[in-house]
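Read-outs throughout are calculated quantities, based only on the coordinates presented, and are distinct from any laboratory measurement. Please read these numbers as outputs of a predicted model, since none were measured by experiment. Glycine also receives a Cβ, built like all others from the backbone with ideal geometry; neighbour counts cover every protein chain displayed.
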């Protein structure tokens, strides 16, 4: 099975202290540490596990600049067969629709049976996967937390439903799936693995290579524009319990039951 | 039998007649043993290299102490005494055994050598055989009736080993009886000849036989003599050839195992011997994945394990119900070797060990505390093997999910918490602290004699920052010109390395090495035993490194450190030896001397202290690992302190502090038990001109204890 995983490099929330820039339009990015978007990493692991079962190859693709090559190498160190960087000045400032348009270009350029994305990136849009599927006219399933290959052209996927329930769907290939974290246990990649793929050439495709109409991507084509970015001021939601430990425990249980947190 | 032949010669005449049979058994026995040993050596020849042929003097010294001197044995009083007696008996009997064996083919040896030395040797060996025999009976009774807990085999590791143990003990007992009977028949024959039945070695086994047989007829004696000889011979060769199939192989391998034992403490073996760090990237596979990835010495360890269970009896992971038992690391690997390198047929190898004989959890459960190695009478190594197995897991990407984030953060930020590098020295920003003590960050302009190496946990963890501040104040008080690396410091990588991530460790080490060299300091002091061990043993070409307890002990001796009387004289203190200060670096006395220098301080020892100290649960990355266990290791430790009658646990390691403070809460001993770091306690009690500065720190400490 030929699998394409769309990945993105994002600031690592566990290793950064996020502060706003002075203009209030974005976060301060100077001292940030970046890594692959966590759900994307699960998507790559899932692709690797599928290929280990049924054969094929895993290609990881990202839209971005030179710096973003880092995550492609990390995923190649995990075992991905190829990495592709989609980079063009015309791509800069694309909204989710623009990103989906660019990704459609790489899907059309080659043949993929299955396209995986992470369920969402750090900004929480969760849009690219669905849009890409629509543009390709492929079936789409979101929040996927298990994949079983049924036959050559069909998958059985499980989706996470609100409240921890699951639903099972059959879906025809080719399709796009957005992968939920927890679907597997991604393998560890250390510096040694990354160094081993450090000199592997990573192809870089621009708008021309992909046949992407530059008027449909980039900042100018973006129909969604961010106008503000702020940290909400803390409300008075916090209640400090200052009784003894036993009293506090009782109080917590009482509060949780009252708010429906305990059944 | 000829009339007139001397009785002594007549008794042994059966042997002469049976010479072809005896010779055949000899040849069969020796050939069988040679074949078996050759087969056992096959995996060792396919193993990884391990250069242990250096420093013969140090190695002979080890042999004299641990093999000939049985150094570790008295740590277990009953079993140890039994073993020493049996070992001494065997050494004494070895020459007699060979003499007897070859007596079967040489008549001159049969009648014994005259002379006082020979006579004394006879007497000594008569008693030796008796003592060994009694030890065997005692050991069998002990195994069957008293069943020491450490011999039990948990169901997950298979069936009990009692049957095999009894069988072997019984065989040795038979050997002793046969040997004694043989000696007795000869002696009675000689007595008949001389006409005076005066038997030496009263109350020994041969003596008893002599007394019983004194009136036996010559034909009976002759038959008994041959029977005893053949029994002895067959039992001897059977044992010789059977031992390489089980725990008694240590009789043969122990001498070699001790001679080739590791000479340094606290050190880890390199990933691959003979391959420099910079070439590791070119090595295809790192760590131990299959049996053949072990070094030959580690395989010899497996053969040498005597299944005595002392390692697991002292292992904190085993005590807490984690899936690890060091004893079975060895036994399972030995069984693997026996199965995959059979006596007949071809060897099959290459199957993965983890997922085969070991589970991942088993390998991650080890805290590398070293209690197993400290206890092993045969000097079997465990930490290097566990780390090698982890290296293999890391190389294959099999790292527990809970460890992946901290490892990634160590890669990008140089600490497992993912905190910003520039905030590494924020512990110095405390206002009251800054009034008491200024800490300079070393750079090109600001130099110092001493580097205070803080390491990650004491830099970033709110509670542990109090240890750093106390250490800085103590250094300041003693008058050391010191500084810190601040943002230029990275995690020492001590646990990174012990968790098998060698490449990441090397990056951290190289960064710190460069920063330390650039700082131009003449000495390094740290309050973290893990950092201490890393800088001392994992790093190379460092300035001299000391743990703060050594600095303080020196201060006490020189009179630079003087203390006020203990603040709360009702407290009973106990000192918990951190593994990387105690066992791995032999620093037991310095912290105790410092404690005892505080006037009025009452101190008790826990049963498990010094080299038998019981790990707190493990430091560094172990804090991120979620082991499967019945009870936390730290909780067990806290209970030990309570049993000793203490209500304050003093430790000298930030990781011990994390584990012990948590364990106090889990054990429900909050309010009854507290934990404090040695350097915090010293800071509280330092005799200052104005005691104000110290007092504030005590208060913040108390708040953070209750606030956690």
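List of remarks:
- Of all DSSP beta bridges in the range B:413-707, antiparallel share, percent nearest 5: 5 percent
- Principal-axis tilt of helix B:633-643 within chain B, Cα atoms, nearest 10 degrees: 90 degrees
- For the range B:413-707, the relative contact order works out to 19 percent when only alpha carbon pairs closer than 8 Å and six or more residues apart are counted.
- Pairs of Cα atoms nearer than 8 Å and 6+ residues apart set the relative contact order; for chain B it is 12 percent.
- Within a Gaussian network of chain A (alpha carbon springs, distance under 10 Å), most fluctuating of A:118, A:235, A:93: A:235
- Shape category assigned to the range B:413-707 from the gyration tensor of Cα positions, a/c cut at 1.5: oblate
- Global form of the range A:186-254, assessed from the alpha-carbon gyration tensor, a/c cut-off 1.5: oblate
- The order of B:212, A:157, A:217, going from fewest to most other C-beta atoms within 10 Å of their C-beta, is B:212, A:157, A:217.
- Anisotropy class of the range A:2-221 from Cα gyration tensor, a/c 1.5 cut: rounded
- For the pair the range A:173-210 and the range B:512-533, the centres of their Cα atoms are 39 angstrom apart.
- Between the alpha-carbon centres of the range A:76-141 and the range B:163-196 there is a gap of 86 Å.
- Axis of helix B:502-519 versus longest Cα principal axis of chain B: the two differ by about 50°, to the nearest ten degrees.
- Each DSSP beta bridge with both residues in chain B is either parallel or antiparallel, and the antiparallel ones are about 10%.
- Across chain A, the mean sequence separation of Cα contacts (distance under 8 Å, 6 or more residues apart), normalised by length, yields a relative contact order of 24 percent.
- Alpha-carbon geometry of the protein assembly as shown: the Rg and the Dmax are 35.6, 127 Å, given in that order.
- Exposure proxy shown here: for B:71, B:273, B:364, the number of other Cβ atoms within 10 Å sets the order, fewest to most, as B:273, B:71, B:364.
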